[in-house]
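**Student:** This is the structure I want to talk about, given as structure tokens.
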Amino acid sequence: MPFDTLEEKSFVQLLEMAIAEDVDSIGDLTSKATLPPDLMGKATLVGRSDGILAGIETGERVLKKLAPDAEWFSLVQDGASIKHGTEIAKIQGPIRGILSAERIILNFIQRLSGIASLAAKFVTKVKDLPVKILDTRKTTPGWRYLDKFAVRCGGGCNHRMNLSDGILIKDNHLAALGGGAVAIRKSILLSRQYYPGNWDIEVEVEDMQMFETALQSSPTIILLDNMCLEDMKAAVDRRNAVAPEILLEASGGINIGNVRDIALTGVDRISIGAITHSAPALDLALDYNFS
């Protein structure tokens, strides 16, 4: 799964920062002091836990940047399921360069694979249901494009990329307009007037009264924030009867234990911030062969 233009730009910037903070202008003092420059060797990138691979391309590109004479051979592609002991890639070349690149390679692939793996867990829970699992803007600064790339590797979908990518009227927007039904109607009307083009308009509601007002105002999407299962099901039934073209999205307090119950209410989308802000890195390692 190659990077698109914005993901590519983001990776290049992150790679430059990673090299600057890890290698610096002096380089790898230990390897320079202890290893001859012509010492060759091999290494294998292997899985130490089960998960979904993401960002394999970053490994080869880190290696070429720090060890241009080394060679990288990918054995597994992005989106593939790996287990403990799975061989992901082979590396051969000057050991000094490979050792200098090792940590940055692992940092990229472990992080992205961790996000892909968590996304895949949520997707698997609802794979037989007509619902999309989405990420949010809860990403680490600078990493958003790659984090969302990893979500797609895990089978998830991307929500808004940034604040200019669609209209999402949240609780604080409504509060600033005075709150209540008037604020919901006003915010949707203002959004349509300000952006007369084909923009999605999503509005967040917290209870059935707010939902009913939003439903009558005909946004593109209604976000059901922290609603109980009973209210979500009631909202779906009401939407189906009155305005089946409006999408319903559940968000807030969603975890692996309750995501399927939420999907079974009939919502169209489930957005989960934890996929990007709380995904543990997938355990990977470089095993060396100096023989």
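**Student:** May I ask you to say which residue of Ser100, Ser31 is assigned to a helix (DSSP H, G or I), touching a residue at least 24 places away in the same chain (Cβ under 8 Å), touching a Ser or Thr at 6+ places or on another chain (Cβ under 9 Å) and surrounded by 22 or more Cβ atoms within 10 Å (Cβ to Cβ)?
**Tutor:** Testing whether each residue is assigned to a helix (DSSP H, G or I), touching a residue at least 24 places away in the same chain (Cβ under 8 Å), touching a Ser or Thr at 6+ places or on another chain (Cβ under 9 Å) and surrounded by 22 or more Cβ atoms within 10 Å (Cβ to Cβ) leaves just Ser100.
**Student:** Next question. Out of region 151-172, which residues are within 11 Å of the chain's Cα centre (by Cα), surrounded by fewer than 23 Cβ atoms within 10 Å (Cβ to Cβ) and part of a helix (DSSP H, G or I)?
**Tutor:** Arg152
**Student:** Next up: What residue, among those in region 259-291 that are assigned to a loop (DSSP other than H, G, I, E, B) and more than 20 Å from the chain's Cα centre (by Cα), is surrounded by the most Cβ atoms within 10 Å (Cβ to Cβ)?
**Tutor:** Filtering region 259-291 for residues that are assigned to a loop (DSSP other than H, G, I, E, B) and more than 20 Å from the chain's Cα centre (by Cα), the one surrounded by the most Cβ atoms within 10 Å (Cβ to Cβ) comes out as Val267.
One line per residue, one yes/no per condition, for (1) modelled with pLDDT under 95; (2) over 22 Å from His277 (Cβ atoms); (3) crowded, with 16+ Cβ neighbours inside 10 Å; (4) not assigned by TED's automatic domain parsing to the domain that holds Asp171:
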{"position": "Ile222", "(1), (2), (3), (4)": "no, yes, yes, no"}
{"position": "Met232", "(1), (2), (3), (4)": "no, yes, yes, no"}
{"position": "Ala235", "(1), (2), (3), (4)": "no, yes, yes, no"}
{"position": "Arg238", "(1), (2), (3), (4)": "no, yes, no, no"}
{"position": "Val242", "(1), (2), (3), (4)": "no, yes, no, no"}
{"position": "Leu247", "(1), (2), (3), (4)": "no, yes, yes, no"}
{"position": "Ile254", "(1), (2), (3), (4)": "no, no, yes, no"}
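**Student:** Looking at Lys186, Lys148, which one is out of contact with any Lys or Arg (no Cβ under 6 Å at 6 or more places or on another chain), under 22 Å from Ala281 (Cβ atoms) and not in a loop (DSSP other than H, G, I, E, B)?
**Tutor:** None of the others qualify; the one that does is Lys148.
Let's see how each residue does on (1) at pLDDT 95 or above; (2) under 28 Å from Arg48 (Cβ atoms); (3) among the charged types (D, E, K, R); (4) touching a strand residue (DSSP E or B) at 6+ places or on another chain (Cβ under 8 Å):
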position: Ser117; (1), (2), (3), (4): yes, yes, no, yes
position: Val123; (1), (2), (3), (4): yes, yes, no, yes
position: Thr136; (1), (2), (3), (4): yes, no, no, yes
position: Ala150; (1), (2), (3), (4): yes, yes, no, no
position: Gly155; (1), (2), (3), (4): yes, yes, no, yes
position: Ile169; (1), (2), (3), (4): yes, no, no, yes
position: Leu174; (1), (2), (3), (4): yes, no, no, yes
position: Leu190; (1), (2), (3), (4): no, no, no, no
position: Gln193; (1), (2), (3), (4): no, no, no, no
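**Student:** Just to be sure I understand the filter: pairs with C-beta atoms under 6 Å, separated by 6 or more residues or on different chains, first member in region 104-118 and farther than 12 Å from Ile88 by Cβ, second member polar (S, T, N, Q) and in a helix (DSSP H, G or I). Which pairs pass?
**Tutor:** So the pair list comes out as Phe108/Thr58; Ile115/Thr276.
**Student:** Can you tell me which residue among Glu71, Glu16, Glu7 is acidic (Asp, Glu) and in contact with a strand residue (DSSP E or B) (Cβ under 9 Å, 6 or more places away or on another chain)?
**Tutor:** On inspection, the qualifying residue turns out to be Glu71.
**Student:** Could you please tell me which pairs satisfy a Cβ distance under 6 Å, a separation of 6+ or placement on different chains, a first residue in region 238-254 that is within 14 Å of Lys132 (Cα to Cα), and a second residue that is modelled with pLDDT of 95 or more and acidic (Asp, Glu)?
**Tutor:** Pairs that qualify, where the first residue is within 14 Å of Lys132 (Cα to Cα) and the partner is modelled with pLDDT of 95 or more and acidic (Asp, Glu), are Leu247/Asp268; Leu248/Asp268; Ser251/Asp225.
The values are calculated or read from the model by the stated rules, or taken from the named source; none is laboratory data. Keep in mind that this is a model prediction, so the values were computed, not measured. Note that each Cβ is placed from the backbone with ideal geometry, even for glycine, and that neighbours are counted across all protein chains shown.
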